[in-house]
1. Can you tell me which of 112-121, 75-84 comes out highest on packing, and rank the rest after it, using the mean Cβ neighbours within 10 Å?
2. Between Ile83 and residues 5 or more places away or on another chain, which pairs have amide H atoms under 5 Å apart, with H built 1.01 Å from N, and which residues are they?
3. For Thr116, list long-range residues whose amide hydrogen, built 1.01 Å from N in the peptide plane, is under 5 Å from its own amide hydrogen.
4. Give me Rg/Rg_expected for segment 42-131, where Rg uses Cα atoms only and Rg_expected = 2.2 N^0.38 Å with N residues.
5. Pulled fully out, how much extra length does the chain show between Ser78 and Ser183, if you take 0.36 nm times their separation in residues and subtract their Cα-Cα distance?
6. Whole-Hz Karplus ³J(HN,Hα) for segment 107-120, in order, using 6.51 cos²θ - 1.76 cosθ + 1.60 and θ = phi - 60°, x for Gly and Pro?
Amino acid sequence: MRLRLLGFATVTVFVVTMATVGAAAQTAGGPCAPGQSQYPPSACGLTLSASVGSAGDSLTVRGAGYAGNGSVSIEFRSQPVTIGTARADGTGAFITTVAVPANATAGTHTVAGVGTNPNGSVRELTAQFVVQSGAPVVSNQSQTLPATGSGSSVRSALVGAGLVALGAAAVGATRARRRRSVST
């Protein structure tokens, strides 16, 4: 965007929003291509509905990047045990609810989603889950980052451009006033 101020100054403003950058990163190379970074990070990772809980708790597991309509085995590791299976949809994503094993010991455990990549190789995604000892812990926090910001990038860009224009006008007016006072 080019702005011409008071007939003597031209200001060029470039606006790049994070939403634009994120969309470009997510579509580059297709969804969840093996070995590629994705935005947001959880787009191709394994996410859990909680990262802390007790033995016997229900846990929602989400994953993506698997072969479309393929089977995904959900494992609880320390003493590896399969705690559920899920069927990926046509895009390779799944969501399922499983139970933390009743005999899970206190400490950090790995939850794994094991299935097949779209190219036929093995795909294994993992996430950490902490089993607390003693009283049950209520945790509904997801391991994904919350969305932040106003969502109004255009309005913010226009306000910023307006402030730049006002600043340039003030500088121009000051210079004109100085030229007049020097010439008299």
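1. On the way: 112-121: 16.7, 75-84: 14.0.
So the order, starting with the most tightly packed, is 112-121, 75-84.
2. For Ile83, whose amide H was placed from the backbone, the distant partners under 5 Å are Ile74, Glu75, Phe76.
3. Result for Thr116 returns Ala67, Arg123.
4. For segment 42-131, the normalised Cα radius of gyration comes out at 1.02.
5. Extending this stretch completely gives an extra 29.3 nm.
6. Computed from phi, the couplings for segment 107-120 are x, 8, 10, 10, 9, 10, x, 10, x, 10, 6, x, 8, x Hz.
Here, each number is a calculation from the coordinates, and none is a lab measurement. Remember, it's a predicted structure, so these values are computed and weren't measured experimentally. All Cβ positions, glycine included, derive from the backbone under ideal geometry; neighbour counts span all protein chains shown.
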